[in-house]
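Computed from the coordinates by the stated procedures, all read-outs in this text should not be read as laboratory data. Every value quoted in this text rests on a predicted model; they were computed, and no experiment measured them.
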């Protein structure tokens, strides 16, 4: 590696790699630890936000249906004139 400088262990890394199963086990243990730190929302908060999402989706869907129907009628009238 002429001309390339780095830490001594960068190019001659002789560290032993862990077994894949040990790495997976360590990963899962770390995930479990991180999930314990999470502040989960209360059931009431989840219900409120879920209802808000469903209602707003319905309103938006009805609005889009109306706009689509309106433009559909206009396009049909234009096509009939030609």
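What does the extension gain come out to for residue 70 and residue 21, with contour length at 0.36 nm per residue minus their alpha carbon separation?
Working it through step by step, the gained length comes to 11.6 nm.
Using the alpha carbon gyration tensor of the range 14-81, what are the three equivalent-ellipsoid semi-axes (square root of 5 times each eigenvalue), largest first, in whole Å?
Calculated on Cα positions only, the semi-axes equal 54, 23, 6 Å.
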